[in-house]
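J.: Quick one: the structure is below, and I'll ask about it shortly.
The values are calculated or read from the model by the stated rules, or taken from the named source; none is laboratory data. A quick note: this is a predicted structure, and the numbers were derived from the prediction, not measured. Reconstructed Cβ throughout: ideal geometry from the backbone, glycine too, with neighbour counts over all protein chains shown. The accessibility values were calculated without ligands, DNA or RNA, using every heavy atom of the protein model including side chains. Shrake-Rupley method; radii C 1.70, N 1.55, O 1.52, S 1.80 Å.
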Amino acid sequence: MPVSPSSENTEPTARPRRTAGRIIGGIVLLLAAVGLLYGGVTAVADPASVVASSSNSGRSPDTDAEAKIGGLLLCAFGISTLCFGIGLLTKRPAKGPQAGA
C-alpha cells in the first residue's frame, strides 16, 4: 500500500512562545520579588522597627547591623527573583526537537 505523501512533507507546528504556566509563574515571581524588595528596603531604611518587632520573640533581639544585613539579603534575593520572573516572561522556549516527537 502506498504511504500518503502528506505526512512526509509537513513541517512541525511552531511551539507557542509563552504558555499559560510560564506567564502565571512569571507573574507570581514578580509579585514575590516586589514583596522581598519592599521588606528589604524597609529593613535597611528603618532598622529600629525590625529591632522592635524582634524584641517580642523568645530569642535575643536583633541589632541594627543585623537588621541591615538581613535587609540587604532580602534585596539581593528580591533582585534575583525579579530577574527570573522577567526571564520567564521574555525568553522563548528552546528550539529543537520536541520531547513528544
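J.: Using a probe of 1.4 angstrom, how much of the accessible area of region 23-76 is carbon and sulfur, in percent?
T.: So the carbon and sulfur contribution to the accessible surface is 74 percent.
J.: Please list, in order, the residues from region 19-53 whose amide nitrogen is less than 14 Å from a point placed 7 Å along the Cα→Cβ vector of Ile79.
T.: Those under the cut-off are 37-38, 40-41.
J.: Could I ask something else about it? Express in Å², to the nearest 10, the accessible area of Leu29 obtained by rolling a 1.4 Å probe over the protein heavy atoms while all chains stay in place.
T.: Ignoring ligands and nucleic acids, Leu29 comes out at about 50 Å².
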